[in-house]
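Notes follow once the structure below has been shown.
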Amino acid sequence: MDLLVSCTLKGRDLAVVKSIININNIYGDLNLTYVKDVQSSQVLFAKKSYQGEEVYYAEDRTTRKQYKIKPNLNPKTVRAMFEFLGNSMKVSSLQNNTYVVETTSIHQFILRQSKKVNDQLILLTHPDFSLVIDHQKQQAYSNVELTDERIKSIANKNFSDFKFEYIDEKNNQNFSFEMSLSTFKWNLGYFQENKLVINEYKENKKIFKLLSWPNFGRFKFDQEFIKICSLLNRNPTNYEHLINLTGYQESTINKFLNATMMAGFINVELAERTVHVTSNKKNTHFLQSLKKFFGFS
């Protein structure tokens, strides 16, 4: 396995990292190459200030996960870190290869993290703001106010703009703004109407199933959401069929599905049989009744 390594350290620290890279035949099939360009590397060695202390770390730039180098940076700990990264990244590339390809948005990252059992907090850092996600307390914290405009901006940023790490506790002075995690996730999905956050869910074999009705007194919603909930509550269906049944624009369907998926009200399942999409020139009696009841006609 070949790894391109970059480093933002200087002086003795940089010399230590380079010296280990230049030693041949100590990592089996792991081949290390030093590159100056951080953007083209797969592993980054760096340091940062954390709670008043300088901390050395190595970052897997594919997943953006950072690993502390303990107790300090020296030839032994650097070598151990390379061996650890080589093994973990090889396993990841074999077993979890889709993670690298698919994780292009913060939505996808948060959805995957929500499925993991981890009592640590997740720190997401962007040049303009920082977020802490606490799955245990179901809260999201930020160093800036989580206004609609801010969340809309976050929803449309590429995940490559973020860095993340697991932390044990947050600094209350730096994260004075908070929001319930379910509301934050819902809003994050609601403000992404240009596309489905996981594009593969547009496939006909993927069925959207309503798990429970959202509390529309608590969350932002469009009036059309009520009709979509009614349809999915009665008959789980796929993306194309849902557009055909409702007659709504993709942007409306995207807002609804993204919000409900992010907040956990919708589940995506594999269809037992193919859903055949037909033209919706005439509404069924059921849909006509729904329209009249909810004031859509």
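The values are calculated or read from the model by the stated rules, or taken from the named source; none is laboratory data. Keep in mind it's a predicted model, so treat the numbers as computed, not measured. Backbone-built Cβ (ideal geometry, glycine too); neighbour counts: all protein chains shown. Ligands, DNA and RNA are excluded from the accessible area calculation, which covers all protein heavy atoms including side chains. Shrake-Rupley method; radii C 1.70, N 1.55, O 1.52, S 1.80 Å.
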So, with +1 on the Cβ of K and R and -1 on the Cβ of D and E, and no other charges, what is the size of the charge dipole of the range 156-265 about its Cα centre, to the nearest 20 debye? 320
Quick one: which residues, 5+ away or cross-chain, put their amide H under 5 Å from the amide H of Ile266? H built at 1.01 Å from N. Leu211, Met261
So the carbon and sulfur contribution to the accessible area of the range 148-232, 1.4 Å probe, in percent, is 40
On average, how much area does the Cα convex hull of the range 125-211 cover when viewed from any direction, in nm²? 7.1
Residues with amide H under 5 Å from that of Asn31, placed H, sequence gap 5 or more: Asp2, Leu3
Phi angles of the range 38-43, converted by Karplus (6.51 cos²θ - 1.76 cosθ + 1.60, θ = phi - 60°) into ³J(HN,Hα) in whole Hz with x for Gly and Pro, give 4, 4, 8, 8, 9, 10
Derived scalar couplings ³J(HN,Hα) [the range 127-132; Karplus, 6.51 cos²θ - 1.76 cosθ + 1.60; whole Hz; x for Gly, Pro]: x, 9, 6, 9, 10, 10
The pairs in Lys36/Lys157; Lys137/Lys220; Lys163/Lys195; Lys137/Lys185; Lys47/Lys163; Lys68/Lys157 lying past 19 Å Cα-Cα in this model are Lys36/Lys157; Lys137/Lys220; Lys163/Lys195; Lys68/Lys157
